[in-house]
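In what follows, a single structure is set out as structure tokens and then discussed.
The values are calculated or read from the model by the stated rules, or taken from the named source; none is laboratory data. These numbers were taken from a predicted model, which means no experiment stands behind them. Reconstructed Cβ throughout: ideal geometry from the backbone, glycine too, with neighbour counts over all protein chains shown.
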Amino acid sequence: MAKHIGVIGGGVIGLSSSLLLRQAGYAVTIIAKDFPAPFETIDPITQINFTSPWGGAHNRWVPPHPSNPVSVREHPLSLTTFRHMKALFSTHPSTAGITFLKGIEYLESPGPEYVALTEARASSSEIGPLPGFRLLSPSEFPDSKITWGCEYDTWCVNPMVYCAFLLRRFVYQGGKLLKKELRSPAEVFSLLSEEKVDAVVNASGNGFGDDENMFITRGQTVLVAEECDATVTRQNADGSWTFSVPRGFEGGTIIGGTKEVNNWDVKPSEGTRERLLKTFGETYPKILGEKKELTVLRDIVGRRPTRKGGPRIEGKVLEGAGFVMHAYGLGGRGYELSWGVAEKVVEGIKGHLGEGAKL
Ligand SMILES: Cc1cc2nc3c(=O)[nH]c(=O)nc-3n(C[C@H](O)[C@H](O)[C@H](O)COP(=O)(O)OP(=O)(O)OC[C@H]3O[C@@H](n4cnc5c(N)ncnc54)[C@H](O)[C@@H]3O)c2cc1C
Ligand SMILES: *[C@@H]1O[C@H](CO)[C@@H](O)[C@H](O)[C@H]1NC(C)=O
Ligand SMILES: *[C@@H]1O[C@H](CO)[C@@H](O)[C@H](O)[C@H]1NC(C)=O
């Protein structure tokens, strides 16, 4: 008999982890309050705490640098994710919701990690190779406020097309689902009476609210109908950002976005929308083509499940219940780091249950 894992969470982290656990031979049940659904039908108020629908989502490299220990821990996870995305795109180009395209960055006030990111370093095994990496020359900058720029090959996903694809793949490979709101991870051990649960994965995003290091980072973006040929990020000297994330698959383009710590406002701000559209249009006029204005489809507000000190990816025995592998607190990088986190989850479960766990 295969050992049975209960995964809490139907967001990008729970789904990726469940798929790899299934492929490692475990019996897997996902238990979640929210599952992927067509993005257009997801209610912005009642499902505000389910973060995955509200993501961009693009991969932007955050160069590892000693000044930022979290970046050093996270970078390998983003490289692992890149490899998985490439593989999924090559086998499922028209169904996975993944697009490969150029990433372009324009920074007004680059931190030390960017200043140190030369073409030689980007192609070294220390941090790369980052495919297609090239520093831009000042003549390629959109205006004189930009002091550093680069481009590279990267991926974007249409979040709910991608998440629904992961979910379908999981079920196709024999995974089971249970829609339910839990009071605690411990509940899962006694929930499925006919089937013993040997370990639990806690990929609940922002779910239980009892980790004092957790906080939310509000993000407001705007979805426009225009297509964009690249995922472009601009950092302003005041610390604010503007970016585009083409969603592909009839999903338009996300123009982002804000990063507001502990702001719980569910309503979009019109001022923010206008500022994002204006700055992005000036930075990358190509998106407008012949038009004067972008075609706004909807505003988006989401809550990134952020954690002081970085994500929690570790196993721990929960007294009186059993082994729980935690995988939450991915902040603004849940998609970017998803497959790296999922590999760590499988390692943690294997480490605890032993090799006998396989089918
Ligand atoms: C505006 C915005 C832009 C973003 N852009 C990007 C980007 O470009 N790239 C990127 O990598 N990331 C981006 N992110 C971040 C990314 O969306 C998140 O990191 C990611 O979605 C987190 O996934 P998760 O699976 O951890 O959590 P969630 O998606 O929130 O999933 C949590 C799951 O746990 C379930 N759950 C929680 N509590 C319970 C309970 N008590 N009982 C049962 N089930 C429960 C929920 O129902 C849900 O299924 C962005 C986020 C925002 C808001
Ligand atoms: C979202 O989470 C917060 C904090 O846990 C909670 O107060 C709020 O009721 C939740 N909102 C919804 C719509 O579930
Ligand atoms: C499970 O994850 C949530 C984050 O969603 C966290 O608040 C909680 O403390 C975790 N559970 C345990 C038992 O550690």
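Here are the numbers:
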{"item": "Filter pass, residue 50 being in a loop (DSSP other than H, G, I, E, B), within 28 Å of residue 315 (Cβ to Cβ) and at pLDDT 95 or above", "result": "yes"}
{"item": "Residue, nearest to residue 345 (Cα to Cα), within the range 208-221, restricted to residues that are in contact with a helix residue (DSSP H, G or I) (Cβ under 9 Å, 6 or more places away or on another chain) and either in a strand (DSSP E or B) or of a type outside the set (A, V, I, L, M, F, W, C) (or both)", "result": "217"}
{"item": "In the range 222-269, residue surrounded by the fewest Cβ atoms within 10 Å (Cβ to Cβ) [restricted to those that are assigned to a loop (DSSP other than H, G, I, E, B) and among the polar types (S, T, N, Q)]", "result": "262"}
{"item": "Residue in the range 21-40 that is assigned to a strand (DSSP E or B) and within 16 Å of ligand 2 (Cβ to nearest atom) present", "result": "yes"}
{"item": "Conditions (1) surrounded by fewer than 19 Cβ atoms within 10 Å (Cβ to Cβ); (2) within 16 Å of ligand 3 (Cβ to nearest atom): number failed by residue 168", "result": "(2)"}
{"item": "Test: residue in the range 217-234 that is among the basic types (Lys, Arg), in contact with a Pro (Cβ under 9 Å, 6 or more places away or on another chain), more than 16 Å from ligand 2 (Cβ to nearest atom) and modelled with pLDDT of 95 or more", "result": "yes"}
{"item": "Unmet requirement for residue 276, which otherwise passes all of (1) part of a loop (DSSP other than H, G, I, E, B); (2) buried (at least 18 other Cβ atoms within 10 Å of the Cβ)", "result": "(1)"}
{"item": "Strands (runs of 3 or more DSSP E) completely within the range 289-341 that count 1 or more residues being within 14 Å of ligand 3 (Cβ to nearest atom), under 23 Å from residue 260 (Cα atoms) and under 12 Å from the mean Cα position of the chain (by Cα)", "result": "296-307, 322-328"}
{"item": "Inter-residue pairs, beta-carbon under 7 Å, first farther than 16 Å from residue 105 by Cα and more than 16 Å from ligand 3 (Cβ to nearest atom) and in the range 47-69, second outside any loop (DSSP other than H, G, I, E, B) and acidic (Asp, Glu), 6+ apart", "result": "65/113; 67/113; 68/113"}
{"item": "Spans of helices (runs of 4 or more DSSP H) in the range 100-203 with at least 1 residues out of contact with any helix residue (DSSP H, G or I) (no Cβ under 9 Å at 6 or more places or on another chain) and among the β-branched types (Val, Ile, Thr)", "result": "112-115, 159-172, 188-191"}
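This table checks each residue for (1) more than 28 Å from residue 14 (Cβ to Cβ); (2) of a type in the set (Val, Ile, Thr).
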| position | (1), (2) |
| --- | --- |
| 193 | no, no |
| 197 | no, yes |
| 200 | no, yes |
| 212 | no, no |
| 218 | no, no |
| 229 | yes, no |
| 233 | no, yes |
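Condition check ((1) near ligand 1 (Cβ under 10 Å from one of its atoms); (2) surrounded by fewer than 21 Cβ atoms within 10 Å (Cβ to Cβ)) across all residues:
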{"site": "297", "(1), (2)": "no, yes"}
{"site": "304", "(1), (2)": "yes, no"}
{"site": "308", "(1), (2)": "no, yes"}
{"site": "327", "(1), (2)": "yes, no"}
{"site": "348", "(1), (2)": "no, no"}
{"site": "351", "(1), (2)": "no, yes"}
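Results for (1) within 16 Å of ligand 2 (Cβ to nearest atom); (2) crowded, with 18+ Cβ neighbours inside 10 Å; (3) closer than 30 Å to residue 71 by Cα, shown as yes or no for each residue.
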{"position": "95", "(1), (2), (3)": "no, no, no"}
{"position": "111", "(1), (2), (3)": "no, no, yes"}
{"position": "134", "(1), (2), (3)": "no, no, yes"}
{"position": "154", "(1), (2), (3)": "no, yes, yes"}
{"position": "158", "(1), (2), (3)": "no, yes, yes"}
{"position": "172", "(1), (2), (3)": "no, no, no"}
{"position": "185", "(1), (2), (3)": "yes, yes, yes"}
{"position": "195", "(1), (2), (3)": "no, no, no"}
